[in-house]
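Working notes for the structure below.
The values are calculated or read from the model by the stated rules, or taken from the named source; none is laboratory data. Everything numeric in this text was worked out from a predicted model, so none of it was measured. Backbone-built Cβ (ideal geometry, glycine too); neighbour counts: all protein chains shown.
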Amino acid sequence: MIRFGMLTRREVSRWVKIWKQTIGAPLLETFLYISVFGAALGSRVGDLDGVDYTVFVIPGLILMAWAINAFTNNSSSILQQKFQHSIDDQLSSPASPLQLLMALTLGGFLRGMTIAVITFLVASLLVDLPVEHWPVLVAGLFLVGFFFAQLGVLVGIRAEQFDDVSFAQTFILQPLIFLGGVFYSASLLPEPYQTLTHFNPVYYMISLVRYGFLGQADVNVALSLVLLTLATGALFLLNLRLFTTGYKLRA
Amino acid sequence: MPLAPNTPSPARPPRHSDGPALSVENLVKRYPTGTEALRGVSLEIKDGQFFGLLGPNGAGKSTLIHCATGLAVPTSGEIRIFGHNAVDDYAEARESIGLAPQDINLDWFATCEEVLDYHGGYFGMNKKDRKERVTELLDAFSLTGKRNESTRTLSGGMKRRLTLARALMHRPRLLILDEPTAGVDVELRLELWQYVKQVNAEGTTILLTTHYLEEAEELCDQIAFINDGQIVAEGTSEALARKFQVGSLEDAYLKLVGRNELSRAHVGGDAL
């Protein structure tokens with residue numbers, strides 16, 4: 001337990017020390033989105049699916065903040081440590097592959113959670129933000145956070161240069177999140193975009209979180225939870241396999 | 001700045017398994033590129049020895065160390081650390097090893113204190129023990145004044161000292177020093193010699209790789225030559241000189257790498 005605690009402490013301490021970049025900047029970005037899409041454009045849009053537009057976008061923004069920060073933190077942390085070879089201190093310790101994986105996962109998971117919780121608390125002060133289904137919301141957000149934290153670990157392990165990490169974030173992750181329905185309801189889209197959206201896994205994640213907050217869902221909530229759990233579990237097992245074999249970590 | 005004479009206490013965890021400090025049998029390491037860095041290495045380092053591993057660049061010294069510490073995965077063969085298999089019983093095996101790597105690999109985001117504290121935690125030391133040990137090591141390596149400073153602000157010599165302190169943090173029974181004095185000034189080199197001699201005298205087994213032959217002669221009671229992924233000779237400094245039918249360890253080494261013409265004996269003779 002000491003070992004796992006210290007591995008996790010190292011990961012958390014890294015982003016706490018550079019909080020302006022790791023917490024401050026994402027929070028500012030999230031509130032700029034709320035200002036622009038909520039306060040400025042929201043008054044023109046009015047209601048969406050019977051909900052005030054500002055309230056409609058907040059669940060997606062909370063999910064986006066958690067997902068992107070969990071991913072970015074872990075992919076960057078692992079790649080930096082690989083470059084510096086400082087990860088060798090952990091790899092040559094008696095820590096097990098599971099302990100290493102979980103600690104590196106938690107670093108980004110907790111950073112994303114911190115930003116998401118602050119966003120939720122401040123947003124609750126600004127608008128009347130309902131939470132209709134706490135268990136679904138908590139389960140959904142935790143699964144999403146864990147999934148993207150695992151994805152960050154995977155990309156960080158595979159990456160050989162910083163370009164690899166930024167490519168994954170800019171060209172894969174962000175388009176999937178933006179096109180998953182953070183700022184709009186997929187039901188408003190014309191065909192074939194509406195159908196195409198159903199092939200985007202993030203669409204189900206956003207729908208799940210929005211259901212937790214607003215009580216509305218375009219998708220089958222139970223099925224989405226099950227599929228998200230399976231996807232997260234599969235990613236976790238893949239990463240554990242990579243840590244056990246030492247893929248791109250041990251020569 | 002001289003290293004403080006009060007060296008840290010050598011108290012170690014109890015022995016769980018007997019056997020040589022390091023036992024390597026028929027170790028092969030082939031990289032995915034096809035390069036065979038180790039080609040059937042067998043080696044034994046007895047508990048308490050100060051063992052030198054010498055060889056030219058690319059001979060396989062660091063690869064052997066990486067296989068022993070878990071930074072590389074052996075292709076075949078067996079490594080045991082005090083009787084524990086380095087692959088199957090990696091946790092027990094690694095608990096006994098302290099590694100000071102060739103290249104400085106300190107965490108940029110950590111202070112000197114954190115570097116040692118994290119390392120102690122990775123090796124399961126409790127908070128009280130870590131706190132005492134950190135104070136002891138920072139004092140011993142004249143780094144107390146840098147306790148809360150980021151590793152990025154340290155000079156090269158300080159980074160080297162902190163790397164050695166980190167290797168000693170969990171009181172390893174086998175200390176592996178991979179070219180610890182490469183690029184350090186004479187003063188620090190002599191200080192480090194003094195320090196590692198004392199650590200060895202207190203019972204810690206040491207495996208040293210170096211390109212400085214006088215360093216190996218000064219410190220090591222047993223030396224092995226590794227070349228092209230194989231151990232080609234082993235013995236004391238004098239025994240190796242005898243084996244290669246030359247007058248010094250340096251000449252034995254030059255003969256091994258096929259550069260006898262560089263021998264100082266020859267150069268001196270030619271000059272006369």
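Across segment A:212-251, what is the total count of residues that are hydrophobic (A, V, I, L, M, F, W, C) and either within 14 Å of chain B (Cβ to nearest Cβ) or under 30 Å from B:Arg30 (Cβ atoms) (or both)?
Residues meeting the conditions: 7.
Answer yes if at least one residue in segment A:27-38 is over 24 Å from A:Gly212 (Cβ atoms) and either in contact (Cβ under 8 Å) with a residue 12 or more places away in the chain or within 11 Å of chain B (Cβ to nearest Cβ) (or both), and no otherwise.
Scanning segment A:27-38 turns up no residue that is over 24 Å from A:Gly212 (Cβ atoms) and either in contact (Cβ under 8 Å) with a residue 12 or more places away in the chain or within 11 Å of chain B (Cβ to nearest Cβ) (or both).
Checking A:Met205 against (1) away from chain B (no Cβ under 14 Å); (2) surrounded by fewer than 19 Cβ atoms within 10 Å (Cβ to Cβ); (3) under 30 Å from A:Pro97 (Cα atoms), only one condition comes out false. Which one?
All conditions pass for A:Met205, except number (2).
Could you tell me whether A:Tyr211 is hydroxyl-bearing (Ser, Thr, Tyr), free of Cβ contacts under 8 Å to residues at least 60 places away in the same chain, surrounded by 14 or more Cβ atoms within 10 Å (Cβ to Cβ) and in contact with a helix residue (DSSP H, G or I) (Cβ under 6 Å, 6 or more places away or on another chain)? Full working, then the answer.
Details: hydroxyl-bearing (Ser, Thr, Tyr): yes; free of Cβ contacts under 8 Å to residues at least 60 places away in the same chain: no; surrounded by 14 or more Cβ atoms within 10 Å (Cβ to Cβ): yes; in contact with a helix residue (DSSP H, G or I) (Cβ under 6 Å, 6 or more places away or on another chain): yes.
Criteria not met by A:Tyr211.
Tell me, please, whether a residue that is surrounded by fewer than 18 Cβ atoms within 10 Å (Cβ to Cβ), more than 19 Å from the chain's Cα centre (by Cα) and not in a loop (DSSP other than H, G, I, E, B) can be found in segment A:125-136.
Yes, some residue in segment A:125-136 is surrounded by fewer than 18 Cβ atoms within 10 Å (Cβ to Cβ), more than 19 Å from the chain's Cα centre (by Cα) and not in a loop (DSSP other than H, G, I, E, B).
From A:Thr8, A:Thr54, A:Thr22, which residue is touching a residue at least 40 places away in the same chain (Cβ under 8 Å), under 21 Å from A:Ile177 (Cα atoms) and within 14 Å of chain B (Cβ to nearest Cβ)?
Exactly one residue qualifies, and that residue is A:Thr22.
Scan segment A:8-47 residue by residue and report those that are under 24 Å from A:Ser76 (Cα atoms) and β-branched (Val, Ile, Thr).
Selection gives A:Thr8, A:Val12, A:Val16, A:Ile18, A:Thr22, A:Ile23, A:Thr30.
Just one of A:Gln80, A:Gln99 is within 14 Å of another protein chain (Cβ to nearest Cβ), without any contact (Cβ under 8 Å) to a residue 40 or more places away in the chain and not in a strand (DSSP E or B); which is it? Explain how you work it out, then say what you get.
Numbers: A:Gln99 fails: without any contact (Cβ under 8 Å) to a residue 40 or more places away in the chain.
The conditions single out A:Gln80.
Is at least one residue of segment B:178-191 at pLDDT below 90, of a type in the set (S, T, N, Q) and out of contact with any Ser or Thr (no Cβ under 6 Å at 6 or more places or on another chain)?
yes
Name, by its number, the condition in (1) within 14 Å of chain A (Cβ to nearest Cβ); (2) among the aromatic types (Phe, Trp, Tyr); (3) crowded, with 23+ Cβ neighbours inside 10 Å that does not hold for B:Phe141.
(1)
So how many residues does segment B:69-114 have that are more than 8 Å from chain A (Cβ to nearest Cβ), farther than 30 Å from B:Thr33 by Cα, part of a loop (DSSP other than H, G, I, E, B) and in contact with a helix residue (DSSP H, G or I) (Cβ under 8 Å, 6 or more places away or on another chain)?
Here the count works out to 1.
When you scan segment B:122-130, do you find a residue that is more than 10 Å from chain A (Cβ to nearest Cβ), among the basic types (Lys, Arg), touching a residue at least 60 places away in the same chain (Cβ under 8 Å) and not in a loop (DSSP other than H, G, I, E, B), even just one?
no
Of the residues A:Ala65, A:Ala39, which single one is over 30 Å from B:Leu106 (Cα atoms), part of a helix (DSSP H, G or I) and touching a Pro at 6+ places or on another chain (Cβ under 7 Å)?
On inspection, the qualifying residue turns out to be A:Ala65.
A:Val117 fails exactly one of the following numbered conditions: (1) in a helix (DSSP H, G or I); (2) within 13 Å of chain B (Cβ to nearest Cβ). What is the number of that condition?
(2)
Of the residues B:Thr151, B:Thr204, B:Thr163, B:Thr209, which single one is closer than 15 Å to B:Glu114 by Cα, surrounded by 15 or more Cβ atoms within 10 Å (Cβ to Cβ) and in contact (Cβ under 8 Å) with a residue 60 or more places away in the chain?
B:Thr163
Checking the structure you have, find out if any residue of segment B:38-57 is within 14 Å of chain A (Cβ to nearest Cβ), farther than 23 Å from A:Phe83 by Cα and not aromatic (Phe, Trp, Tyr).
Yes: one or more hits.
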